[in-house]
Amino acid sequence: MKLNNLAKFAVLGLAVLLATGAFASNKGTLNVQEAVQVNGQQIPAGEYQVRWDGSGSEVQVVFLKGKKEVARTAAKVVELEKASPFDSTVVDRSSSTASISQVRFAGKKFALAIGETTSASASSSK
């Protein structure tokens with residue numbers, strides 16, 4: 001009887017551990033050095049949590065300051081040739097306001113391309 005209960009707890013513990021590991025892979029920390037825009041929303045310089053949800057290459061990204069949501073946008077998960085050595089952003093300065101175009105995470109071989117979901121479909125239709 002005790003062995004049966006022990007097996008149940010082991011399976012439950014493993015399930016919780018795997019679920020926690022999967023959740024941890026969908027968040028990261030980002031330190032913004034200057035005020036930038038994400039989807040038209042101004043983000044002041046500071047440290048943020050970035051979380052994303054979705055399956056496949058299309059995801060929804062949320063930028064959090066503490067527990068407060070400061071921006072939300074669609075993004076595309078893109079593969080990198082090699083893992084990023086540190087957390088970083090790619091900032092697009094081609095317009096009058098600087099905006100985040102890509103978010104990279106330390107040790108990960110992927111990035112979140114902000115705004116590429118609509119621009120990729122627009123460029124393919126031309």
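All of the numbers you see were taken from the coordinates with simple rules; none came from a lab. Please read all numbers here as calculations on a predicted model, not as lab measurements. Glycine gets a Cβ as well: all are built from the backbone with ideal geometry, and neighbour counts include every protein chain shown.
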Rounded, prolate or oblate for the range 26-124? Axes are the square roots of the Cα gyration tensor eigenvalues, ordered a ≥ b ≥ c, and the cut-off for rounded is a/c under 1.5. rounded
Sticking with the crude label model, points 7 Å out along Cα→Cβ, report the distance from Q42 to N26 in nm, one decimal please. 3.2 nm
Can you give me the distance in nm between label points at S57 and V78, each placed 7 Å from the Cα along the Cα-to-Cβ direction? 1.0 nm
Taking a spot 7 Å from the Cα of E34 along the direction of its beta carbon, which residues of the range 74-113 have an amide N less than 20 Å from it? 87-104
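Tally Lys/Arg at +1 and Asp/Glu at -1 over every other residue whose Cβ is under 14 Å from the Cβ of K68; what's the total?
Working: positive: R51, K65, K67, R72; negative: E47, E69.
Taking every Cβ under 14 Å from that of K68, the sum is +2.
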Long pairs among K67/K109; K68/K108; K27/K68; K76/K109; K27/K65, criterion Cα-Cα beyond 22 Å: K67/K109; K68/K108
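Can you tally the net charge around T29? Count Lys and Arg as +1, Asp and Glu as -1, for every other residue whose Cβ sits under 9 Å from the Cβ of T29. Spell out each step's value before the answer.
Details: positive: K27; negative: E47, D87.
In short, -1.
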